[in-house]
Amino acid sequence: MEKARVTIWLGSVRQWHWISSALCLVGMLLFAVTGITLNHAGQIEASPQVRTLELNLPDALLEELRSGVASAGDEARLPASLRHWLGEQSVHTGGRLAEWSDDEIYLPLPRPGGDAWLAIDLASGELLYEDTDRGLISYLNDLHKGRNSGEAWRWFIDIFSVACLVFCITGLWLLLRHSASRPATWPVVGLGLLIPLLLAILFVHR
């Protein structure tokens with residue numbers, strides 16, 4: 001009876017182990033590769049692509065913004081009419097909050113792998129927009145760090161981390177079950193602990 005119970009548990013652990021490994025596979029490859037690129041960021045050349053626009057707002061939009069300053073407060077979304085006009089200029093702002101003052105509206109638009117900003121002078125109606133694209137490697141590095149990646153990606157990182165924990169814990173349980181027939185198991189596990197511990201003690205500056 002006890003042997004049958006252990007067999008059932010072993011089957012369940014193996015199932016959780018392969019399911020969690022399948023869920024983690026692509027994410028672990030992404031985080032492993034970007035761990036290398038982040039560690040050698042200074043040696044990887046980047047050629048940012050910068051796009052700049054200087055435009056004048058239509059009079060109707062400018063008047064709408066001037067009349068909306070008082071009700072906008074310190075932060076508010078851009079009016080739908082302005083967002084539509086910007087979209088026609090290939091400037092996409094989504095529903096982000098802009099910083100409103102009596103003489104200027106400023107909208108930061110950070111994203112993974114790049115940055116952008118938009119400023120509107122309410123006196124002259126002049127609009128300045130700058131977009132910087134730092135390339136694919138920068139994009140993946142920012143995803144690794146969760147930088148400017150949004151709520152959905154933060155949820156993904158949390159769920160991915162839980163899946164990694166399940167993968168590691170079930171792997172440890174399987175090592176424990178098979179260690180009697182594999183004498184090198186615990187020395188190798190101990191080496192995996194000892195190497196980073198010694199590096200941290202001896203070579204990491206405080």
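The values are calculated or read from the model by the stated rules, or taken from the named source; none is laboratory data. Since this is a predicted model, take the numbers as computed values, not measurements. Backbone-built Cβ (ideal geometry, glycine too); neighbour counts: all protein chains shown.
Okay, here's what the table says:
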{"quantity": "Qualifying position, being at pLDDT 95 or above and within 19 Å of Arg51 (Cα to Cα), among Leu136, Leu127", "calculated": "Leu127"}
{"quantity": "Index of the failed condition, Met28 passing every other in (1) aliphatic (A, V, I, L, M); (2) at pLDDT 90 or above; (3) assigned by TED's automatic domain parsing to the domain that holds Ala119; (4) assigned to a helix (DSSP H, G or I)", "calculated": "(3)"}
{"quantity": "Sole exception among (1) surrounded by 14 or more Cβ atoms within 10 Å (Cβ to Cβ); (2) in a helix (DSSP H, G or I); (3) touching a helix residue (DSSP H, G or I) at 6+ places or on another chain (Cβ under 9 Å); (4) outside the structural domain of Gly171 (by TED's automatic domain parsing) for Ala76, by number", "calculated": "(2)"}
{"quantity": "Some residue of segment 169-186 being surrounded by 11 or more Cβ atoms within 10 Å (Cβ to Cβ), over 18 Å from Gln15 (Cα atoms) and among the β-branched types (Val, Ile, Thr)", "calculated": "yes"}
{"quantity": "Qualifying positions in segment 173-191 - closer than 16 Å to Trp18 by Cα and modelled with pLDDT of 90 or more", "calculated": "none"}
{"quantity": "Residue among Leu61, Leu82 that is out of contact with any Ser or Thr (no Cβ under 7 Å at 6 or more places or on another chain), modelled with pLDDT of 90 or more, outside any loop (DSSP other than H, G, I, E, B) and over 29 Å from Gly146 (Cβ atoms)", "calculated": "Leu82"}
{"quantity": "Pairs, first surrounded by 14 or more Cβ atoms within 10 Å (Cβ to Cβ) in segment 53-71, second of a type in the set (Phe, Trp, Tyr), C-beta under 9 Å, six or more apart", "calculated": "Leu53/Tyr129; Leu55/Tyr129; Leu57/Trp85; Leu61/Trp85; Leu65/Trp100; Gly68/Trp100; Val69/Trp100"}
{"quantity": "Hey, Tyr106 surrounded by fewer than 14 Cβ atoms within 10 Å (Cβ to Cβ), aromatic (Phe, Trp, Tyr) and either under 30 Å from the mean Cα position of the chain (by Cα) or at pLDDT 95 or above (or both) or not", "calculated": "yes"}
{"quantity": "Residue within segment 157-175 that is free of Cβ contacts under 8 Å to residues at least 12 places away in the same chain and touching a Gly at 6+ places or on another chain (Cβ under 8 Å) present", "calculated": "yes"}
